[in-house]
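Take a look at the structure set out below.
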């Protein structure tokens, strides 16, 4: 994933419920009805079987409705994989114990993540269902921004874990490599279809996932960008979170 590891629970079943809430609050009930007309609300089990065709249609309509007004980013960064602010109270407490210092917090998390992955490897245990083989451990340790963000001035750079790291490492076909990288149950199977991938606009949801913990611990809603995405043809997904000058002054 792209969040520093915390005790969080993922609820795929509330993603579209959250999406509907944000759509209706920002665009109204009619917009939601337009999005689901003739296809219904996309659900992961069906999208897996149909190559994410329903979500492809849904997102094509969503792009048309939100074109050039910035609402796509606003809506989807608040969908953020269904995660809630209250799930990150532990991270906020840890940040406080790091002297409310961004760099100290990142360094501590980075060190803890290295220790965690080495322990998982040594004990033959998994990471969110992924076996941490020697090859996977070596891969993870070499990726900048994967175990913890890298701060570059006013920016936090984050690299996403591939969904299936063992397969991703071994795969040479660029399309299947993107498939092994994608986490999204509403888009993953679209990567290799003739119709093409679901709109990369959907990846604003993952941007929201990447930054929610930082929104909580820094007590402000931050901005950011998707800098690479497999739905847009990149090998892996990456994000940047922008830190305002006042945040830098206060927390570094």
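The values are calculated or read from the model by the stated rules, or taken from the named source; none is laboratory data. All figures in this text were calculated on a predicted structure; none of them were measured in a lab. Neighbour counts run over all protein chains shown; Cβ positions are idealised from the backbone, glycine included.
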In the range 136-173, what count of residues is obtained for those that are within 21 Å of residue 213 (Cβ to Cβ) and either in contact (Cβ under 8 Å) with a residue 60 or more places away in the chain or touching a helix residue (DSSP H, G or I) at 6+ places or on another chain (Cβ under 9 Å) (or both)?
19
Under 7 Å between Cβ atoms, which residue pairs at least 6 apart in sequence (or on different chains) link something in the range 34-47 that is within 16 Å of residue 189 (Cβ to Cβ) with a partner that is surrounded by fewer than 16 Cβ atoms within 10 Å (Cβ to Cβ) and modelled with pLDDT under 95?
44/12
Yes or no: the range 61-70 includes at least one residue that is touching a residue at least 60 places away in the same chain (Cβ under 8 Å), surrounded by fewer than 18 Cβ atoms within 10 Å (Cβ to Cβ) and closer than 23 Å to residue 193 by Cα.
yes
How about the range 144-185: which of its residues are part of a helix (DSSP H, G or I) and surrounded by fewer than 17 Cβ atoms within 10 Å (Cβ to Cβ)?
166, 167, 169, 170, 174, 175, 176
Positions within the range 219-241 being touching a residue at least 40 places away in the same chain (Cβ under 8 Å), over 19 Å from residue 70 (Cα atoms) and either in contact with a strand residue (DSSP E or B) (Cβ under 9 Å, 6 or more places away or on another chain) or surrounded by fewer than 24 Cβ atoms within 10 Å (Cβ to Cβ) (or both), in sequence order
233, 234, 235, 236, 237, 238
Do the conditions hold for residue 45, that is, is it at pLDDT below 95, part of a helix (DSSP H, G or I) and either touching a strand residue (DSSP E or B) at 6+ places or on another chain (Cβ under 8 Å) or farther than 30 Å from residue 106 by Cβ (or both)?
yes
From the list 207, 141, pick out the single residue that is at pLDDT 95 or above, out of contact with any strand residue (DSSP E or B) (no Cβ under 8 Å at 6 or more places or on another chain), closer than 27 Å to residue 114 by Cβ and not in a loop (DSSP other than H, G, I, E, B).
141
In this structure, does residue 215 turn out to be part of a helix (DSSP H, G or I), closer than 22 Å to residue 110 by Cα, free of Cβ contacts under 8 Å to residues at least 12 places away in the same chain and out of contact with any helix residue (DSSP H, G or I) (no Cβ under 6 Å at 6 or more places or on another chain)?
no
Just need a number here: residues in the range 71-123 that are closer than 23 Å to residue 154 by Cα, touching a strand residue (DSSP E or B) at 6+ places or on another chain (Cβ under 7 Å) and surrounded by 15 or more Cβ atoms within 10 Å (Cβ to Cβ).
2
Test set (1) closer than 21 Å to residue 45 by Cβ; (2) assigned to a loop (DSSP other than H, G, I, E, B); (3) under 19 Å from the mean Cα position of the chain (by Cα) - residue 235 fails condition number
(1)
Can you name every residue in the range 32-42 that is within 12 Å of residue 16 (Cβ to Cβ) and assigned to a helix (DSSP H, G or I)?
32, 35, 36
Checking 22, 17 in turn, the sole residue that is within 18 Å of the chain's Cα centre (by Cα) and closer than 22 Å to residue 219 by Cβ turns out to be 22
Among helices (runs of 4 or more DSSP H) completely within the range 70-135, the ones holding 3 or more residues that are in contact with a helix residue (DSSP H, G or I) (Cβ under 9 Å, 6 or more places away or on another chain) and farther than 25 Å from residue 203 by Cα are 89-97, 102-123
Over the range 29-49, the set of residues under 19 Å from residue 183 (Cα atoms) and in contact with a helix residue (DSSP H, G or I) (Cβ under 8 Å, 6 or more places away or on another chain) is 42, 43, 44, 46, 47, 48
